[in-house]
Amino acid sequence: MSTARATAASVQGDPAGSRLSAAEFSAISVLVQNSCGINLTTDKLELVNSRLQKRLRALRLDAFAQYIEFVNSSAGADEFNEMISALTTNVTSFYRESHHFEHFAQTCLPRLVTKLNAGEAVRIWSAGCSNGAEAFTLAGVILERMPDAARRNLRILATDIDPKSIERARRGTYSEDFVQKLPGNYLSKWFSPSANQYQVNDELRNLVSFNILNLMEKWPLKKKYDVIFCRNVMIYFSRPTQEKLLQRFSDLMNPGSFLYIGHSERVGGPAASSLKPAGMTIYERY
């Protein structure tokens, strides 16, 4: 099916009724692996079928072969982003894996304050930030210790491959259910209620910049970082890809900086020689 016909089908075609074949799954797996590093093993066929059936219906395409051709075409760039959004599970919450934020507040943040007081820059990266909850949690922890943080040389970069996630993060609006588990007075202090939702206040927003970034591509990052959070992202990658990513993180970190990763992830490969364990799924740069 030509690109022109695939585009036309998105307007005039019938809802999809096909199922994803093994060969089509393989084609999608290769595309996603080469572009994003995401490793779709064969046990994910039913999951991919279920999630992408919705995309076929949205485009009114009749078959996965048409969908694959469209996504691979120049006209399918936006749909490629939709596909990645559909295939990645953006599960997050404020203070998720709270022991990381406790370590950040008790061990890491005092070092950052010392650097800031000495006139040095502090850079923090939330990689795979999803809807922004992780980055805003970091901002809240920092502001509890340093209320004037926005006037210091401190910035939090939050990135994700999914444009929809970045759009949600930039809005900084969360449902009442999503913010219920915030500790203490954080909800009233850092959020404003609005029509059964809560909006992040400017104090937090001013510390965080959100950008789209594919971790498999070149990083437009010029300075080294003092803190990197990359949690529950590497589980999507093959082990060799994980090891390459960890080495890239290590190369970007200042001595004495910290890397926080997901509960089922571990540092291995060449990066293990420069990152020492500092807690449960926490690593310090030598």
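Brief remarks follow.
- Unique match (being within 25 Å of the chain's Cα centre (by Cα) and modelled with pLDDT under 95) among 86, 4, 8: 86
- Checked against the criterion of being under 30 Å from residue 55 (Cβ atoms), hydrophobic (A, V, I, L, M, F, W, C) and not assigned by TED's automatic domain parsing to the domain that holds residue 32, the candidates 129, 108 yield just one match: 129.
- Pairs where the first residue, in the stretch 120-147, is farther than 16 Å from residue 174 by Cα and the second is of a type in the set (S, T, N, Q) and modelled with pLDDT under 95, C-beta under 6 Å, 6+ apart: none
- Given (1) loosely packed, with under 13 Cβ neighbours inside 10 Å; (2) in contact with a strand residue (DSSP E or B) (Cβ under 9 Å, 6 or more places away or on another chain), number of the condition residue 208 does not satisfy: (1)
- The residues of the stretch 68-81 that are part of a helix (DSSP H, G or I) and in contact (Cβ under 8 Å) with a residue 40 or more places away in the chain, listed by number, are 68, 69, 70, 71, 74, 75, 76, 80, 81.
- Hits in the stretch 26-67 - residues which are in a loop (DSSP other than H, G, I, E, B) and of a type outside the set (Ser, Thr, Tyr): 37, 39, 40, 60, 61, 62, 63
- Among the residues of the stretch 12-25, at least one is modelled with pLDDT under 95, on the phi < 0 side of the Ramachandran plot, in a helix (DSSP H, G or I) and over 24 Å from the mean Cα position of the chain (by Cα).
The values are calculated or read from the model by the stated rules, or taken from the named source; none is laboratory data. Predicted model only: the values in this text are computed from it and were never measured. We place every Cβ from the backbone using ideal geometry, glycine too, and count neighbours over all the protein chains shown.
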